[in-house]
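The structure appears below as structure tokens.
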Amino acid sequence: GAFVYAERFRTTVAGSASFAAMYMNSDSNSGLFQPSPDNIGFTTAASEKMRLTSGGNVLIGTTTDNGYKLQVKTDTGNNYLSLISPTGNNSGILFNDGNHRALLAVDTTDAMVFYVGGINERARITSGGNFGIGTSSPQRKLHIHESSGSVYFQMTQGSTGTTSNDGFQIAMGATQVN
């Protein structure tokens with residue numbers, strides 16, 4: 001049954017994906033139900049589409065909680081996360097552990113921009129396919145820029161070591177070339 005108390009609604013029925021405990025009008029296979037204690041299921045057309053777990057995780061397209069705050073699964077085709085901003089604004093994903101931040105964004109020129117170290121731009125891939133490190137306007141397929149001092153291009157592998165003096169290096173504005 002359903003009961004209305006001063007400022008809340010309560011149902012004593014857990015419901016199911018095919019018959020929701022809370023639904024609108026006569027559409028009983030779309031609404032909210034309780035798939036297990038302390039979890040909330042969202043169902044449409046008699047199929048669970050989303051779940052909010054007791055741990056605060058949101059599951060979309062799956063009922064298996066792998067411990068991630070947001071899990072989105074599809075059983076067929078591609079699976080994309082769409083972030084849409086108003087025209088003239090950027091969209092992106094901010095990574096933050098409380099002390100360190102990084103941002104992966106698409107800017108208004110259709111470039112993929114990588115921000116790290118206090119959200120400073122460090123690299124970008126232009127819409128034309130040029131990749132820039134240290135420049136916001138790469139002119140070639142690979143464009144490396146250092147605003148002051150020397151710039152190095154270095155390649156190492158397992159047998160050469162990984163320090164600044166190991167492997168193969170090309171430098172500009174420096175005397176060391178290995």
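The values are calculated or read from the model by the stated rules, or taken from the named source; none is laboratory data. Everything numeric here is computed off the predicted structure, so don't read it as measured data. Methodologically, a virtual Cβ is constructed for each residue, glycine included, from the backbone with ideal geometry; neighbour enumeration extends over all protein chains shown. Areas reflect the complete protein model, heavy atoms only, side chains present, ligands, DNA and RNA absent. Shrake-Rupley method; radii C 1.70, N 1.55, O 1.52, S 1.80 Å.
Restricted to the range 129-178, the set of strands (runs of 3 or more DSSP E) holding at least 2 residues that are within 20 Å of Val106 (Cβ to Cβ), touching a residue at least 12 places away in the same chain (Cβ under 8 Å) and not aromatic (Phe, Trp, Tyr) comprises 131-133.
If you scan the range 110-148, which residues turn out to be of a type in the set (Asp, Glu) and more than 18 Å from Asn90 (Cβ to Cβ)? Once the filter is applied, which keeps residues that are of a type in the set (Asp, Glu) and more than 18 Å from Asn90 (Cβ to Cβ), the range 110-148 yields only Glu146. In the set Gly149, Gly118, Gly158, Gly92, only one residue is more than 30 Å from Leu59 (Cα to Cα), under 19 Å from the mean Cα position of the chain (by Cα) and among the small types (Gly, Ala, Ser); that residue is Gly118.
Can you tell me which residue in the range 42-54 is nearest to the chain's Cα centre (by Cα), limited to those that are over 13 Å from Asp65 (Cα atoms) and of a type outside the set (Val, Ile, Thr)? By that ranking, first place goes to Lys49.
Looking at the range 74-108 only, could you name the residues that are closer than 28 Å to Ser137 by Cβ, of a type in the set (Gly, Ala, Ser) and open to solvent by less than 80 Å² (accessible area, probe 1.4 Å)? Ser85, Gly88, Ser91, Gly92, Ala102, Ala105 - these are the residues of the range 74-108 that are closer than 28 Å to Ser137 by Cβ, of a type in the set (Gly, Ala, Ser) and open to solvent by less than 80 Å² (accessible area, probe 1.4 Å).
No other residue among Thr63, Thr74 is assigned to a loop (DSSP other than H, G, I, E, B), β-branched (Val, Ile, Thr) and in contact with a strand residue (DSSP E or B) (Cβ under 8 Å, 6 or more places away or on another chain) apart from Thr63.
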